[in-house]
Amino acid sequence: MGRKRAQSPPRQAAPTEDEGAGSSSQQPVEPPKEPTPPVRVIYCDVCSFPLEYCEFGSSFTRCKESLKESNEELYNKYYSDEALQSKIGTLSLEAQKKLEKDAAKKEAKAEAKADAALKKKLASQVTIKRIERTKRKHVTAIHGLEAFSIDLKKAAKQLAGRFATGASVTKNAQGLDEIVVQGDVSDEILEILEKGEGVLKGVPIDNVQVVEDKKKKTEG
Amino acid sequence: MFKKFVPSTDIAGHTPVKTSVQRQIRANVLSQWKIEPETLEAIWPKKEGLVHVKCREHVSIYTVNSEPIFFQHFDGPFYPTLRLLHKYPYILPKVQVDRGAIRFLLAGAHMMCPGLTSAGGYLPPAEEAIPAERMVAIHAEGKEHAVGVGITKLSTEDMKKINKGVGVETATYLGDDLWAIQTL
């Protein structure tokens with residue numbers, strides 16, 4: 001690298017001595033080509049499709065409403081009467097009707113699905129379990145956080161930082177992921193979940209239960 | 001390819017790509033897409049390492065800054081992701097399907113010849129015919145932006161002649177699971 005740099009200054013100096021013809025022949029060697037800027041495509045906030053494809057998505061009515069609120073101009077571009085007329089294009093009226101019917105059906109289906117998912121989410125439980133290790137030592141296992149779309153790895157990291165202890169994501173006996181934190185921190189975790197600190201938010205506190213898992217007393 | 005794709009189970013691992021291999025990929029991409037080196041540099045700066053995300057069934061996704069930019073099946077061509085194609089629509093030759101075919105395309109179907117040859121469809125004229133096994137951007141009647149990326153199974157001239165069966169095989173389309181992944 002160093003050598004190359006040392007060589008370049010005399011080369012640059014050369015054309016200036018020649019002047020005129022020399023410098024003009026130099027210019028095409030390094031064309032100031034700019035990268036072509038990307039086309040900016042506006043995506044729908046609701047279904048993430050480009051706006052013109054909302055009608056094929058599963059949430060057309062919602063897409064339409066949200067666009068109308070956020071950007072009247074674009075709304076008119078896509079959903080005014082003229083636009084709707086020209087959109088039909090080469091398709092026969094029958095086919096168009098069928099398409100609309102299908103779209104409505106699809107939408108209803110997607111809605112039902114979303115409802116079911118929401119219900120499931122509301123019903124799912126988070127358990128904070130205190131597990132006894134030896135004598136006065138405990139670990140705390142938190143199970144069921146993934147239902148509330150919490151990244152378990154990030155949550156474990158946050159808890160580890162918070163309590164200055166080890167925290168990891170492990171599979172439990174049922175093969176489900178859970179966070180295991182060293183030490184008895186069940187009350188603190190409950191508090192964190194209540195406040196929704198960091199990534200641990202969106203968990204309704206009524207769905208959280210604290211249980212204690214005692215080791216069988218074998219030695220006196 | 002990405003109709004059913006669950007990142008948590010279908011991804012085998014992330015590995016940074018060696019510089020020598022990156023050079024090779026860059027040359028390949030430049031030859032396969034109609035793109036200037038400067039623009040590619042803007043999409044994928046030399047300084048930013050490419051990350052290879054290995055997935056099941058020999059699919060590889062390549063990401064820059066954890067954003068997928070193109071993917072590959074076996075040693076096949078490098079398909080740009082749809083989001084990239086939306087930004088740089090001219091990098092692939094264009095074919096168009098009629099309005100009736102859109103909903104099938106959005107369900108992941110391959111594109112049949114009649115949908116491409118009918119009034120709403122578009123195939124390049126004979127002088128610019130696309131041979132078989134080439135990447136194309138699939139556009140839709142009355143729409144501005146591409147709706148899918150595919151590979152021709154017949155040359156465009158054959159599509160017009162035979163007018164039956166699969167014309168363009170869909171690799172990725174709007175609303176598939178690759179579309180849903182914005183960062184890896």
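The values are calculated or read from the model by the stated rules, or taken from the named source; none is laboratory data. Given the structure is predicted, the values throughout are model-derived calculations rather than measurements. Cβ atoms come from the backbone with ideal geometry, glycine included; neighbour counts cover every protein chain shown. Quick note on the areas: whole protein, heavy atoms, side chains included, nothing else; ligands and nucleic acids left out. Shrake-Rupley method; radii C 1.70, N 1.55, O 1.52, S 1.80 Å.
If you average the sequence gap of Cα pairs under 8 Å that are 6 or more apart and divide by the length of chain B, what percent do you get for the contact order?
Values: 340 pairs, mean separation 39.3, N = 184.
It comes to 21 percent, rounded to a whole number.
A Stokes-Einstein calculation at 25 °C with viscosity 0.890 mPa s, built on the Kirkwood radius of the protein assembly as shown over Cα pairs, returns a diffusion coefficient of 95 µm²/s.
Ligands, DNA and RNA left out, the accessible area of the protein assembly as shown computed with a 1.4 Å probe is 52% carbon and sulfur. In region A:99-163, the inverse of the mean reciprocal separation of distinct Cα atoms equals 15.2 Å; this is its Kirkwood hydrodynamic radius.
Between A:ALA114 and A:LEU74, the modelled labels are 1.8 nm apart [label points 7 Å from Cα along Cα→Cβ].
Give the lysines reachable from A:LYS68 as a straight Cα distance under 17 Å; neighbours fewer than 8 places away on the same chain don't count. Of all the lysines, those that pass the test against A:LYS68 - Cα under 17 Å, at least 8 places apart if same chain - are A:LYS77. A simple spin-label model places pseudo-atoms 7 Å from Cα toward Cβ; at B:ASN163 and B:ALA42 they are separated by 4.2 nm. Annotation: aspartates and glutamates with alpha-carbon distance below 12 angstrom to A:LYS153 (same-chain offsets under eight excluded): A:ASP177, A:GLU178. When the Cα atoms of region B:1-84 are aligned to their principal axes, the ranges along those axes come out at 36, 22, 22 Å in descending order.
Here is the link list: A:LYS109/A:LYS201; A:LYS135/A:LYS201; A:LYS121/A:LYS195; B:LYS87/B:LYS161; B:LYS54/B:LYS153. Which ones come out longer than 31 Å on Cα distance?
Correct reply: A:LYS135/A:LYS201; B:LYS87/B:LYS161.
Under Stokes-Einstein, with the Kirkwood radius over Cα pairs standing in for Rh, what whole-number D in µm²/s applies to region A:127-174 at 10 °C and 1.306 mPa s? This corresponds to a translational diffusion coefficient of 135 µm²/s.
Between the Cα long axis of helix B:19-32 and the first principal axis of chain B there is an angle of about 10°, rounded to the nearest 10. All Cα-Cα distances of region A:74-199, cut into 10 Å bins from zero to the largest, leave 11, 28, 18, 11, 12, 13, 5, 1 percent in each bin in turn. Checking every one of the GluC sites (Glu not before Pro) in region B:84-184 against DSSP loop status and a limit of 15 other Cβ atoms within 10 Å picks out B:GLU133, B:GLU144.
The modelled label-to-label distance between B:THR9 and A:ASP206, using points 7 Å beyond Cα along the C-beta direction, is 3.3 nm. Beyond 28 Å, what percent of the Cα pairs of chain B remain? Result for the distance tail: 24 percent. Convex hull volume of the C-alpha atoms in region B:91-184, normalised per residue: 95 Å³. Here the calculated FRET efficiency for A:ASP45 and A:GLU188, from their Cβ-Cβ distance with R0 = 41 Å, stands at 0.65, rounded to the nearest 0.05.
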